[in-house]
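Chemist: Take this structure, written in structure tokens, and hold onto it; I'll ask about it next.
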Amino acid sequence: TTPNACDSIDVSLVDSATLVIAETKRAVVNKNGTCSVVFSGSYSANYYIVIKHRNAIETWSAFTVPMAGTPSYNFTTSAGQAYGGNQKEVSPGIFALYSGDVVKDANEAIELSDVAQLEADNTAFAFGYVATDIDGSGGVDLGDFPLLEANVNGFIFSNHP
């Protein structure tokens, strides 16, 4: 939608008292890692922010965020911005979501079923905006395997209250 757009994520507000999703919106992520989300509801309590991406592990904010005014939250400044420190440093001082949860089977883990899907899509020469394109190159190829295997071997799963 814009020249700086590179991907999209689903952003949810989760009530900190009940852990019930209040609202979810799709947001366009810019090349610099920023995005803006405008929720339709009027929220004044504290909420967890939850991010879901096509091939990343579901990631929750480490802290609840008051929704009064114009709230802001930056996941990229430290692993501690994610619940349970559940992020990876990808450059000095830059943190990102773990990629590899390509099979959306509600288990919130990067595991062998994800490897099996990657192998199937690699064999089928899948390309385009597909979940098994772990490295974002536009196609499923041998470059995706090391990233996924590192996260499988690291026992990466979603952390949240």
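Chemist: Dipole of region 4-137 (Lys/Arg Cβ +1, Asp/Glu Cβ -1, origin at the Cα centre): which of Ser113, Ser72, Ser137 lies farthest to the positive side?
Modeler: Final value for the positive-end residue is Ser72.
Chemist: Given Cβ point charges of +1 (Lys, Arg) and -1 (Asp, Glu) and nothing else, what value in debye, to the nearest 20, does the dipole of region 6-155 about its Cα centre take?
Modeler: In debye, rounded to 20, region 6-155 gives about 660.
Chemist: For helix 112-123, what angle does its Cα long axis make with the longest principal axis of the chain, in degrees from 0 to 90 and rounded to 10?
Modeler: 60 degrees
Chemist: I would also like to ask the following. Positive end of the charge dipole of region 1-102 (Lys, Arg +1 and Asp, Glu -1 on Cβ, about the Cα centre): tell me which of Leu13, Tyr47, Gly33 has its Cα farthest that way.
Modeler: The listed residue farthest towards the positive side: Gly33.
Chemist: Here is a further query. Among 36-45, 83-92, how do they line up by average Cβ neighbours within 10 Å per residue, starting with the highest?
Modeler: The peptides rank, most packed first, as 83-92, 36-45.
Chemist: Taking all pairs of distinct Cα atoms, average 1/r, flip it, and tell me the Kirkwood hydrodynamic radius of the chain in Å to one decimal place.
Modeler: Evaluated on the chain, it is 16.5 Å.
Chemist: Of Asn32, Asn122, Asn107, which has the largest mean-square fluctuation in a 10 Å C-alpha GNM of the chain?
Modeler: Asn32
Chemist: Would you mind calculating the gained length between Ala79 and Asn107 on full extension (0.36 nm times residue separation, minus the Cα-Cα distance), in nm to one decimal?
Modeler: 7.9 nm is the gain from fully extending Ala79 to Asn107.
Chemist: Could you tell me whether region 84-161 comes out rounded, prolate or oblate from its Cα gyration tensor? Rule is a ≥ b ≥ c as square roots of the eigenvalues, rounded for a/c under 1.5, then prolate if a/b exceeds b/c, otherwise oblate.
Modeler: Because a/c hits 1.5 or more and a/b fails to exceed b/c, region 84-161 counts as oblate.
Chemist: What's the FRET efficiency of Arg26 with Val90 using the Cβ-Cβ distance as r and R₀ = 25 Å, to the nearest 0.05?
Modeler: Step by step, r from the Cβ atoms, then E = 0.60.
Chemist: Would you please give the FRET efficiency between Asn46 and Ala150, computed as 1/(1 + (r/R0)^6) with r the Cβ-Cβ distance and R0 = 41 Å, to the nearest 0.05?
Modeler: It comes to 0.75.
Chemist: Quick one, what does Rg over Rh come out to for region 28-82 if you take C-alpha atoms and the Kirkwood Rh?
Modeler: 0.95
Chemist: Summing +1 for each Lys or Arg and -1 for each Asp or Glu, what net charge is found among the other residues whose Cβ lies under 13 Å from the Cβ of Val37?
Modeler: Local charge sum for Val37: +1.
Chemist: Oh, and also: Starting from the Cα of Ser36, step 7 Å along the direction of its Cβ; do the same at Thr70; then give the gap between the two resulting points in nm.
Modeler: About 0.8 nm, to one decimal.
Chemist: Here's a follow-up. Filter the trypsin sites (Lys or Arg not before Pro) in region 1-34 down to the DSSP loop ones having no more than 16 other Cβ atoms within 10 Å, then list what survives.
Modeler: Lys31
Chemist: While we're here: Provide the packing ranking of 49-60, 4-15, i.e. peptides ordered by the mean count of other C-beta atoms within 10 Å per residue, highest first.
Modeler: 49-60, 4-15
Each reported figure results from applying straightforward, stated rules to the coordinates on display, with no laboratory input. From a predicted model like this one, the values you see are computed outputs, not experimental measurements. Methodologically, a virtual Cβ is constructed for each residue, glycine included, from the backbone with ideal geometry; neighbour enumeration extends over all protein chains shown.
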